[in-house]
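First the structure, then my questions, so here it is.
The values are calculated or read from the model by the stated rules, or taken from the named source; none is laboratory data. Please read these numbers as outputs of a predicted model, since none were measured by experiment. Cβ coordinates were reconstructed from backbone atoms using ideal geometry, including for glycine residues, and neighbour counts include every protein chain displayed. Areas reflect the complete protein model, heavy atoms only, side chains present, ligands, DNA and RNA absent. Shrake-Rupley method; radii C 1.70, N 1.55, O 1.52, S 1.80 Å.
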Amino acid sequence: MGSKIIADVVQFSKMLRSLQDDCKDSCIYDEDVQILRVNGGKHLHNIYTGDRPVFICEKTAPQIDHEDDKMDETHSDDETHSDDETNHEVKIELGPQPLTIMKARQLLSWYTMSQNSIVSPAVSPADLLPPAVSPAPLLPLWVRCDMADPAGTTWLGAETACTGNKVSGVKLYAVTCAGSTVDKGAFITLDELKQEHKRRHHPSMMVARGTAQYSLFGSTVVENTTIESQSSVTVDFRWSHVETILETPPLSSMATLNIKVSSGDMRSPMYLLYKELEFLQILADGLRTGETEWMEPVETRSAVQMTREYLDELQNTVKTLQDQSTKEAVKVKTEMGTSETETEIFNSLMERGDLDFIEQLWVRMRNSVTSYQDVGDCLKMVIKALQYGDIKPWIHRDSSSSLSKLILQSYHHQMDHVSLTGLTPVHMLLEMGLDKMRKDYINYLIGQDLTTLNHLSYYLSTVEDLQEQVIRLRKLHHLLEIMVTCSTFLCLPYDRLFFLTQLCLQYYKTCPYDEDHEFKLQIKPALISHFYQKEQAVSWGVEVSSGNGPREVKTSWLLSDKPLVEHIIFETDETTVNGDSEDAAYFTTMVCCSLVNFAA
């Protein structure tokens with residue numbers, strides 16, 4: 001019997017060691033257990049803090065196969081199906097599956113024995129490697145449980161405790177959960193939690209620390225209807241000396257904003273600028289694929305008509321170029337204006353009174369073109385007017401588009417021949433838009449003293465191909481979406497906006513475009529107290545701890561508006577009361593820790 005246990009321990013620990021040292025993502029143990037190597041913080045949802053990798057053991061999920069029967073009846077013409085759709089297998093993968101509590105305890109006992117070098121030489125981790133190699137402790141192990149025991153256990157976990165370079169013991173964790181309830185009388189009291197910790201660990205001194213998260217911006221509920229949003233701004237609080245369950249975080253707390261903003265939110269003051277960028281992206285995709293899905297035009301007049309009228313205006317006007325630019329800026333502002341206060345403020349900040357000829361032409365064309373023919377015809381008219389000297393337009397000195405070079409050449413009556421065939425007109429229009437939108441972003445960021453041209457050099461470079469330039473412009477747009485959200489909706493002060501700008505600029509210099517990335521910003525709670533002090537927390541927790549370093553042990557109790565485990569379906573309390581005084585329904589989670597010391 002003993003030799004069988006030792007053999008199982010050796011086999012299990014070898015598999016864990018292989019996953020750890022070879023940086024594999026997963027493996028199957030004994031047919032029914034799947035072992036994953038994952039980021040602990042992302043998969044254990046507030047139960048385990050930190051971004052270090054962990055092992056997760058779960059039941060191997062079976063795949064359910066469905067074979068579609070061939071249909072005998074004849075389909076109508078509008079119900080066409082390809083041959084490979086009529087008889088195929090669909091494999092449905094279930095979510096994470098828990099193991100029994102007995103199996104979980106067995107796996108944790110094997111993990112613990114494998115880390116105890118004095119249990120048996122056959123089990124010692126040093127014997128699992130060449131003699132010259134000193135093995136690193138195994139990563140923490142967490143096992144999904146089916147909650148079938150009286151305590152309602154959902155996770156069992158273990159991690160090594162080290163003294164110096166030597167494993168001196170193992171910390172064992174047990175996580176229990178309960179379904180949601182609005183009955184605060186059912187919650188544990190702080191004294192009861194401290195007594196539970198004292199019963200387990202008999203400490204001479206304990207510390208109670210609090211954590212809480214509030215949602216400041218995101219999906220909203222209007223008349224019992226949820227308006228979904230991909231953007232969210234939450235704030236995490238941490239503080240010491242908790243006095244009562246569900247207390248509001250004090251102003252002395254440490255607060256961190258978690259900012260995730262998606263472009264295209266119709267509530268954003270940036271929405272119209274996003275639509276302009278969207279058109280730019282359509283042009284870039286058209287160059288890359290050879291096919292363009294044109295947007296519905298904003299203007300009722302045709303692109304050719306608008307371009308013709310603009311050229312006539314330039315030929316006939318007696319006003320100065322500066323007056324023309326100011327007039328156009330007012331026109332664009334009028335077209336963009338809405339009744340939204342935040343949008344009006346943002347538009348006033350983004351407004352430019354120095355739109356040159358190419359930028360004004362871009363505004364007209366992007367609101368009206370619906371085909372390659374439109375783009376080509378408009379540019380032909382412009383180039384013809386330049387060749388005949390009908391117009392001598394003003395452009396920015398730093399313009400880099402092909403059209404700007406032709407305009408400069410027209411000043412000296414020496415224009416290169418341009419063949420407006422194939423994708424060349426779209427290429428020229430894309431350059432025009434890139435130039436204009438880069439200046440829009442510079443106007444805001446520099447005008448608000450959020451950065452300098454030197455820090456923007458990566459985003460403003462025209463050396464790269466057009467596809468890369470569009471990618472960098474999208475990054476700059478996303479940065480601006482973040483800034484506008486934090487300034488207009490959260491009213492963050494200048495120093496925090498400046499720091500966040502530098503954070504985003506630095507991130508996007510080395511990282512790909514990612515709207516799911518959460519930017520984190522330290523902030524003083526007093527700056528956002530009016531947002532959260534009268535709101536209910538999304539999650540709230542208290543942690544009672546004692547001991548120091550590797551001997552520190554904790555007992556935690558957590559409240560959350562969503563369950564913290566994925567492999568259990570909980571019942572929801574439906575007795576919530578409608579109205580402004582509605583109490584939040586919380587799921588409860590308790591995490592208990594025990595320290596097992598190995599004999600020296």
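In the range 184-197, is there at least one residue being under 33 Å from the mean Cα position of the chain (by Cα), open to solvent by 40 Å² or more (accessible area, probe 1.4 Å), modelled with pLDDT under 95 and among the charged types (D, E, K, R)?
There is at least one residue in the range 184-197 that is under 33 Å from the mean Cα position of the chain (by Cα), open to solvent by 40 Å² or more (accessible area, probe 1.4 Å), modelled with pLDDT under 95 and among the charged types (D, E, K, R).
Select from the range 98-155 the residues that are at pLDDT 90 or above, in a loop (DSSP other than H, G, I, E, B) and touching a Pro at 6+ places or on another chain (Cβ under 6 Å) and write down the one among them that is nearest to VAL170 (Cα to Cα).
LEU139
Taking the stated definitions as given, is GLN522 surrounded by fewer than 17 Cβ atoms within 10 Å (Cβ to Cβ) and either more than 21 Å from ILE446 (Cα to Cα) or not charged (D, E, K, R) (or both)?
Spelling it out, GLN522 is indeed surrounded by fewer than 17 Cβ atoms within 10 Å (Cβ to Cβ) and either more than 21 Å from ILE446 (Cα to Cα) or not charged (D, E, K, R) (or both).
For (1) among the hydroxyl-bearing types (Ser, Thr, Tyr); (2) under 28 Å from GLU293 (Cβ atoms); (3) touching a residue at least 60 places away in the same chain (Cβ under 8 Å), each residue gets a yes or a no:
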| position | (1), (2), (3) |
| --- | --- |
| ASN367 | no, yes, yes |
| THR370 | yes, yes, yes |
| LYS380 | no, yes, no |
| ILE383 | no, yes, no |
| HIS396 | no, no, no |
| ILE407 | no, no, no |
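Additional query: Take the conditions modelled with pLDDT of 90 or more and surrounded by 14 or more Cβ atoms within 10 Å (Cβ to Cβ) and apply them to THR176. Does it pass?
Yes; evaluated as a whole, the condition is true for this residue.
Looking only at the range 554-566, which residues are over 11 Å from VAL591 (Cβ atoms) and crowded, with 20+ Cβ neighbours inside 10 Å?
Listed by number, the residues that qualify are LEU559, SER560, PRO563, VAL565.
Does GLU464 meet the test of being open to solvent by 10 Å² or more (accessible area, probe 1.4 Å), among the acidic types (Asp, Glu), in contact with a strand residue (DSSP E or B) (Cβ under 8 Å, 6 or more places away or on another chain) and not in a helix (DSSP H, G or I)?
no
Residue pairs, Cβ under 7 Å, 6 or more apart or interchain, first in the range 491-506 and closer than 16 Å to TYR444 by Cα, second open to solvent by 50 Å² or more (accessible area, probe 1.4 Å) and not in a helix (DSSP H, G or I). List them.
LEU505/HIS455
Just wondering, is there one or more residues in the range 544-564 that are touching a helix residue (DSSP H, G or I) at 6+ places or on another chain (Cβ under 7 Å) and part of a helix (DSSP H, G or I)?
No, the range 544-564 contains no residue that is touching a helix residue (DSSP H, G or I) at 6+ places or on another chain (Cβ under 7 Å) and part of a helix (DSSP H, G or I).
Looking at the range 523-537, which of its residues are closer than 18 Å to SER232 by Cβ and at pLDDT 95 or above?
Within the range 523-537, just ILE523 meets the criteria.
Separate question: Might you check whether a residue that is in a helix (DSSP H, G or I), under 27 Å from LEU190 (Cβ atoms) and of a type in the set (Phe, Trp, Tyr) occurs anywhere in the range 497-504?
Scanning the range 497-504, I find no residue that is in a helix (DSSP H, G or I), under 27 Å from LEU190 (Cβ atoms) and of a type in the set (Phe, Trp, Tyr), so the answer is no.
Can you name the residue in the range 499-517 that is under 15 Å from the mean Cα position of the chain (by Cα) and under 18 Å from SER231 (Cα atoms) and is also surrounded by the fewest Cβ atoms within 10 Å (Cβ to Cβ) among such residues?
Selected residue: ASP516.
Right, here's the next one. Does ALA208 satisfy being open to solvent by less than 60 Å² (accessible area, probe 1.4 Å), assigned to a strand (DSSP E or B), touching a His at 6+ places or on another chain (Cβ under 8 Å) and under 16 Å from MET590 (Cα atoms)?
yes
Within the range 432-446, can you find the residues that are open to solvent by 30 Å² or more (accessible area, probe 1.4 Å) and more than 28 Å from the chain's Cα centre (by Cα)?
Scanning the range 432-446 gives no hits.
Can I ask one more? Take the residues of the range 375-406 that are farther than 18 Å from ASP312 by Cβ and in a helix (DSSP H, G or I): which is most open to solvent (accessible area, probe 1.4 Å)?
Checking each candidate, the answer is LYS405.
Inside the range 527-544, can you point out the residues that are surrounded by fewer than 14 Cβ atoms within 10 Å (Cβ to Cβ) and under 16 Å from PHE489 (Cα atoms)?
The one that is surrounded by fewer than 14 Cβ atoms within 10 Å (Cβ to Cβ) and under 16 Å from PHE489 (Cα atoms): HIS530.
When the residues of the range 45-61 are narrowed to those that are under 18 Å from VAL553 (Cα atoms) and surrounded by 14 or more Cβ atoms within 10 Å (Cβ to Cβ), which ends up modelled with the highest pLDDT?
ILE47
Here is a follow-up. Considering only residues that are over 12 Å from LEU139 (Cα atoms), in a helix (DSSP H, G or I) and either modelled with pLDDT of 90 or more or open to solvent by 60 Å² or more (accessible area, probe 1.4 Å) (or both), which ones fall in the range 17-44?
LYS42, HIS43
State yes or no: is PRO135 open to solvent by 10 Å² or more (accessible area, probe 1.4 Å), closer than 22 Å to PHE55 by Cα and of a type outside the set (Asp, Glu)?
Answer is yes for this residue.
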